[in-house]
Structures are given as structure tokens and as C-alpha cells.
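Peer 1: Here you go, one structure.
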Amino acid sequence: MAFVQSSSLRGVSGRRLSFAKRLRMMLALRKSRTDLAALTDDQLADIGVSREQATVESQRAPWDGHEYWVKRTF
């Protein structure tokens, strides 16, 4: 089970993100990961991602976001 790091709940300003922003982030991550899983092997090769990497990423929990993505998005 993955736990959310407190740093992933903070935006660029260092302030804690609101519930609405965290929810939007999780929904966006879920959609992005679902879209990634739907790509063909040729499309994945075009972006330099293997099927195994795409599968692992698509199975991550919606609240398990990359810190760099959170900081750049919100």
C-alpha cells in the first residue's frame, strides 16, 4: 500500500493543497494512467516506454503522484 507523502500535498508555494485541488489531481492522474494503459505497443515505443513500464504505472493508486508533477501542475 502506498502512502501519500506530505510534500505531494503541497503546491509550488509550499502551501497545503485544498481538497478540491487534490481531488482534481487524482482524477487527472487516473485518466492519464488509463490513457497510458490503452496505448498500443507501437505508440509506447514512440514515447520510449515499455509495455511493462506502462502496466506498472497504470496500476498505481490515483493518490500516488510524482512530486515533480504535483509541483508543476498545481
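Peer 1: Given the conditions (1) modelled with pLDDT under 90; (2) surrounded by fewer than 12 Cβ atoms within 10 Å (Cβ to Cβ); (3) over 14 Å from residue 63 (Cβ atoms), and given that residue 2 satisfies all but one, which numbered condition is not satisfied?
Peer 2: (3)
Peer 1: Out of the residues in the range 64-74 that are modelled with pLDDT under 80 and in a loop (DSSP other than H, G, I, E, B), which is nearest to the chain's Cα centre (by Cα)?
Peer 2: By that ranking, first place goes to 65.
Peer 1: From the list 54, 45, which one is in a helix (DSSP H, G or I), in contact with a helix residue (DSSP H, G or I) (Cβ under 7 Å, 6 or more places away or on another chain) and modelled with pLDDT of 95 or more?
Peer 2: 54
Peer 1: Where residues in the range 23-42 are at pLDDT 95 or above and of a type in the set (D, E, K, R), which of them is surrounded by the fewest Cβ atoms within 10 Å (Cβ to Cβ)?
Peer 2: My answer is 42.
The values are calculated or read from the model by the stated rules, or taken from the named source; none is laboratory data. All of these numbers come straight from a predicted model, not from anything done at the bench. Counting neighbours? That spans all protein chains shown, and the Cβs are built from the backbone with ideal geometry, glycine included.
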